[in-house]
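Here the structure comes first, spelled out in structure tokens, and everything after it is commentary.
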Amino acid sequence: MTLQLFNVLGREKQPFTPIIDGRVGMYVCGPTVYEHSHLGHAKTYVSFDVVARYLRWRGYELLYVQNITDVGHLRENEEDRVLVRAAQLNAKPMQVVETYTRSYFEDMDALGVMRPDISPRASGHVPEQIEMIETLLANGNAYVADGNVYFDVRSDEDYGKLSNRRVEEQQDESRELIGSDKLHPADFALWKRAEPEHILRWNSPWGEGFPGWHIECSAMAKKYLGANFDIHGGGIDNIYPHNENEIAQSECANHAAFANYWMLTGSLNVLDPDEGIPVKMSKSLGNYITIKDALKNWKPQTLRYFILTSHYSSPVVYGEEALASAKAGCERLMNARQLVLRQLNSAPAGGAGNGFLERLDKAQTDFRAVMDDDFNSPRGIAVLQDLTRDVNSLLNSAAEIGIDTLAAINATYQALGGDVLGLLGDEAADAGDSQREAALIELLVEMRAQARAQRDYARSDQIRDQLLALGISLEDRADGTLWKLV
Ligand SMILES: [Zn+2]
């Protein structure tokens with residue numbers, strides 16, 4: 001079966017055919033770094049992390065580019081957010097963007113999001129942006145007005161093809177144009193003239209100024225992936241105007257198709273306390289939870305599990321109950337994996353369970369089938385949960401399971417739950433944790449034996465009861481005390 005993905009450009013599920021066989025170029029719109037990232041960002045970037053991991057697991061050679069927006073006029077007729085933040089913090093704009101760029105990577109590292117191959121910054125690519133604007137002017141797709149350069153949307157007959165908006169739909173043009181030097185309300189800034197108080201400024205053929213927001217993605221995608229590349233991703237809320245404008249600029253400047261496939265993630269919502277309806281988590285609404293705050297209450301794997309139990313393109317509603325259920329689901333997988341690793345330490349060379357290898361093959365096949373269907377991570381997780389039910393019953397059977405079977409189960413967990421979904425840590429780390437935990441339990445069992453030898457039964461009972469409260473039961477036998485997780 002081939003990989004299929006839902007292409008927002010054309011709005012249908014399509015077989016994925018890369019431009020160069022076996023290779024994939026992917027560009028994902030990155031964060032604007034003027035504040036700590038929140039859980040809405042986590043949803044987008046964890047989702048694309050799994051897309052990247054799955055493509056690699058499936059054998060594609062992936063080049064993953066995700067920009068950092070650290071300069072640029074972000075919204076038409078709004079203040080520059082970086083400059084506003086810099087004024088609030090009494091800091092230099094580049095200090096602000098450096099602080100929050102580091103914060104972003106810290107959060108992504110904590111969530112187990114693998115870093116993109118290239119994280120280009122808009123501020124480091126101003127010459128490339130100027131060059132593209134000059135091409136657009138030369139091609140008749142842009143005009144200069146008093147030190148500003150605007151893209152002329154009416155010069156691009158395809159304008160609006162991603163979001164299905166048409167230029168003619170813009171209403172009440174005259175009102176929107178008051179106080180503006182644009183020829184049409186939908187025209188957007190490629191370059192803005194810098195007013196005297198504007199700190200971030202560059203020389204350009206049109207005077208001192210700074211780039212518009214959209215042009216950075218067009219210029220950096222072209223530089224690192226070429227004019228035409230495979231996948232462009234981002235959050236659904238940027239489909240218009242940002243993504244639409246990227247397409248217009250790139251295709252008019254390069255005279256080539258831009259990205260062949262567009263994948264957009266659904267938003268992360270929270271229930272409005274008054275209305276009881278889901279609303280998007282966003283900085284502007286003030287209803288956001290930073291990733292750093294969320295990580296104080298939840299393990300990174302729980303947050304990933306929560307995000308991945310919805311399809312990347314669907315919205316998801318954040319709430320304590322949903323997180324608690326994600327925690328339980330994720331722990332079920334982790335516990336089974338830990339049990340496998342623990343038994344692996346002392347498993348016999350022969351042993352039972354050879355028949356289980358077929359079950360593992362089925363899990364791999366099922367997993368690949370659902371992930372090939374537009375990266376369906378909720379169903380991928382369901383495949384792992386089904387497998388875990390069977391792993392648990394195998395491990396609870398009376399037979400002693402052989403080392404080969406246990407190693408194969410472990411490898412399956414590592415591949416599907418670890419390498420692709422990023423929910424299970426790597427084998428060495430998990431083994432390290434489980435070995436340390438086992439050594440601590442052994443130490444307590446030994447201390448209890450000493451207490452019993454000294455007839456200090458109060459102390460020995462206390463150790464047994466407290467271990468039981470932690471889910472560890474002890475069984476005294478003639479040859480010593482055995483412990484197990486219950
Ligand atoms: Zn972008």
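What are the ³J(HN,Hα) values, in whole Hz, obtained from phi via the Karplus relation 6.51 cos²θ - 1.76 cosθ + 1.60 with θ = phi - 60°, for each residue of region 299-304 in sequence order, with x given for Gly and Pro?
5, x, 5, 5, 5, 4
How far apart, in nanometres, would the label points at residue 227 and residue 161 be if each is projected 7 angstrom from Cα along the Cα-to-Cβ direction?
Taking the two extended label points, one gets 1.4 nm.
Over region 16-146, what is the relative contact order in percent, taking alpha-carbon pairs closer than 8 angstrom and at least six residues apart?
Relative contact order of region 16-146: 30 percent.
Stretched out fully, how many nm does the piece from residue 369 to residue 438 gain, at 0.36 nm a residue minus the Cα gap?
In short, 21.1 nm is gained.
Using the basic label-point model (7 angstrom from Cα toward the beta carbon), what is the residue 12 to residue 390 distance in nanometres?
Output for this residue pair reads 3.6 nm.
List the aspartates and glutamates whose alpha-carbon lies under 15 Å from that of residue 182, not counting same-chain residues fewer than 8 positions away?
Excluding near neighbours in sequence, the set is 76, 146, 152, 172, 173.
Which of the pairs 222/299; 13/292; 292/362; 362/484; 161/299 have their Cα atoms more than 32 Å apart in this structure?
Where the Cα-Cα span goes over 32 Å, the pairs concerned are 222/299; 13/292; 292/362; 161/299.
Amide H to amide H under 5 Å from residue 317: which residues, 5+ apart in sequence or cross-chain, H placed 1.01 Å off N in plane?
Residues meeting the amide H criterion: 269.
Mind checking the dipole of the chain: about its Cα centre, +1 per Lys or Arg Cβ, -1 per Asp or Glu Cβ, Debye to the nearest 20?
Values: 48 positive and 70 negative charges, 273 e Å.
That gives a dipole near 1320 debye.
Taking every eigenvalue of the Cα gyration tensor of region 320-425, multiplying by 5 and rooting it, what semi-axes result, largest first, whole Å?
That gives 24, 16, 11 Å for the three semi-axes.
Using the number of other C-beta atoms within 10 angstrom as an exposure proxy, rank 26, 114 with the fewest first.
By the 10 Å Cβ count, ascending: 114, 26.
Determine the sum of side-chain charges near residue 35: Lys and Arg each +1, Asp and Glu each -1, restricted to other residues whose C-beta is under 9 angstrom from that of residue 35.
Residues close to residue 35 contribute a combined charge of +3.
222 nm [θ] for the chain, helices only, -39500 (n - 2.57) per DSSP H run of 4+, per residue, to 500? Write out the running numbers ahead of the final one.
Numbers: 15 runs with 216 residues, N = 486.
Counting only the DSSP helices, I get -14500 deg cm²/dmol.
Cα convex hull of region 433-485: mean projected area in nm², to one decimal?
3.5
So for the chain, Kirkwood radius off the Cα pairs, Stokes-Einstein at 37 °C and 0.692 mPa s: how many µm² s⁻¹?
The estimated diffusion coefficient comes to 129 µm²/s.
Do you know the relative contact order of the chain, to the nearest whole percent, from alpha carbon pairs under 8 angstrom that are 6+ apart?
Reported relative contact order: 16 percent.
Give the long-range amide H neighbours of residue 352: residues separated by 5 or more places, or on another chain, with amide H under 5 Å away, using H modelled in the peptide plane at 1.01 Å from N.
Counting only residues 5 or more places away or on other chains, the set is 400, 401, 402.
So which lysines can residue 223 reach, going by Cα to Cα under 23 Å and dropping same-chain residues fewer than 8 places off?
List returned: 192.
Please report how far the C-alpha centroid of region 199-269 lies from that of region 393-411, rounded to the nearest whole angstrom.
So the separation of the two Cα centres works out to 51 Å.
Using the Karplus equation 6.51 cos²θ - 1.76 cosθ + 1.60 (θ = phi - 60°), what ³J(HN,Hα) coupling, rounded to whole Hz, does each residue of region 361-371 give in order, writing x for Gly and Pro?
4, 4, 4, 4, 5, 5, 4, 5, 5, 6, 6
Peptides 98-108, 120-130, 243-253: what's the order by average Cβ count within 10 Å, highest mean first?
243-253, 120-130, 98-108
What is the list of residues in region 253-284 whose amide nitrogen lies under 20 Å from a point 7 angstrom out from the Cα of residue 117, following Cα to Cβ?
Answer for region 253-284: 258-263.
Can you give me the long-range amide H partners of residue 230? Hydrogens built in the peptide plane at 1.01 Å from N, cutoff under 5 Å, separation of 5 or more residues or another chain.
Amide H to amide H, under 5 Å and 5 or more residues apart or across chains, residue 230 pairs with 25, 260.
If one computes P(r) from the Cα atoms of region 4-280, what percent of pairs lie at distances over 26 Å? Don't jump to the answer; show the numbers that get you there.
Numbers: 16907 of 38226 pairs.
Taking all Cα-Cα pairs of region 4-280, the fraction more than 26 Å apart is 44 percent.
Bear in mind these aren't lab numbers, they're just calculated from the coordinates by the rules spelled out. Keep in mind the model is a prediction, meaning the values are calculated, not measured. Positions of Cβ are generated from backbone atoms using ideal geometry, with glycine treated the same way; all protein chains shown enter the neighbour counts.
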